[in-house]
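Notes for the one structure printed next.
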Amino acid sequence: MKYAMTITSAALSAKAIHAGKVATNLRDAYSGPGRLKCFAGSCNFAVDTSLGCIDPCHTYTYNNPFEYSFSDVAMVSGKIRHYPTLEVCYYSKANDIDTESWWDPWGVKIDAGCTAKCTGCDFYPTEVFTGPGSLVCTEGDCYNYDDRAPYNDCGTEIEDASEEFGELTLLGHGSNDALVFEGYNNITTSGAIMIGKRCSLDCSGCQFTKKRRSDRLGASYHTRANTWYYSNDG
């Protein structure tokens with residue numbers, strides 16, 4: 001279920017789009033996984049037909065309650081349907097895409113199997129890293145979402161290297177099962193920073209080196225990120 005609230009207004013502040021892979025007036029093609037940040041942008045979408053009737057471009061769907069789709073930040077059109085059921089698989093176009101004017105600093109995610117040809121957008125390829133190991137980032141962004149709400153401990157080094165960070169927890173109606181989202185934005189490291197074995201992050205702008213069994217990690221992994229709880233009961 002999509003939660004009608006500006007998630008980051010309590011935890012993470014907005015930031016301007018920084019230079020990355022910037023679409024020009026020619027339509028640049030981007031393949032997922034990655035995030036698109038756009039201002040007055042326009043995209044045409046294509047999906048790998050072998051995947052069936054799905055929406056890896058997230059033109060109107062999203063992976064979790066903390067994400068947004070292009071239909072939230074743009075005008076989408078061009079329904080691609082599955083026949084004979086007429087189920088809408090995805091939309092082939094999005095115009096007037098604006099992710100710069102909203103509060104949440106992360107862009108719209110596209111997954112593997114999606115190709116977006118865009119103008120007015122920056123594209124940031126993403127990769128999932130699981131500790132223990134080390135990260136080196138330049139203006140990086142990392143996120144973690146977990147619907148099982150375990151203790152995901154990424155340590156204080158990534159917090160110190162981030163311009164902004166926070167953790168958000170949603171409690172569903174009549175449920176004690178928490179949905180947890182963590183975000184670290186504009187991460188710039190002067191050297192390698194360590195993340196623990198209980199840390200899994202979806203990152204752009206970072207390189208990861210997995211810890212070998214023979215390595216020793218001397219850092220203590222205890223987060224100090226604030227936690228905000230929202231209930232869907234009311």
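Candidates are the residues of region 23-41 that are assigned to a loop (DSSP other than H, G, I, E, B) and modelled with pLDDT under 90; the one that is surrounded by the most Cβ atoms within 10 Å (Cβ to Cβ) is 23. Within region 70-89, being in a strand (DSSP E or B) and acidic (Asp, Glu) holds for one residue alone: 87. On the basis of being over 30 Å from residue 95 (Cα atoms), outside the structural domain of residue 35 (by TED's automatic domain parsing), crowded, with 18+ Cβ neighbours inside 10 Å and at pLDDT 90 or above, does residue 135 make the cut? Judged against the criteria, residue 135 is a match. Checked against the criterion of being within 29 Å of residue 154 (Cα to Cα) and outside the structural domain of residue 180 (by TED's automatic domain parsing), the candidates 44, 64 yield just one match: 64.
Among the residues of region 196-206 satisfying the criterion of being in contact with a Pro (Cβ under 7 Å, 6 or more places away or on another chain) and surrounded by 18 or more Cβ atoms within 10 Å (Cβ to Cβ), which is farthest from residue 137 (Cα to Cα)? Only one residue fits best here, namely 196.
Just for region 158-184: of the residues that are under 19 Å from residue 205 (Cα atoms) and surrounded by fewer than 19 Cβ atoms within 10 Å (Cβ to Cβ), which one is modelled with the lowest pLDDT?
Of all residues in region 158-184, those under 19 Å from residue 205 (Cα atoms) come to 158-166, 182-184.
Within this subset, residues satisfying the condition of being surrounded by fewer than 19 Cβ atoms within 10 Å (Cβ to Cβ) are 159-160, 163-164.
On the way: 159: 92, 160: 93, 163: 92, 164: 89.
My answer is 164.
Could you check, for region 210-223, whether at least one of its residues is at pLDDT 85 or above and of a type outside the set (A, V, I, L, M)? Yes: one or more hits.
The values are calculated or read from the model by the stated rules, or taken from the named source; none is laboratory data. Keep in mind that what you see is a predicted model, and the values were worked out from it rather than measured. Glycine also receives a Cβ, built like all others from the backbone with ideal geometry; neighbour counts cover every protein chain displayed.
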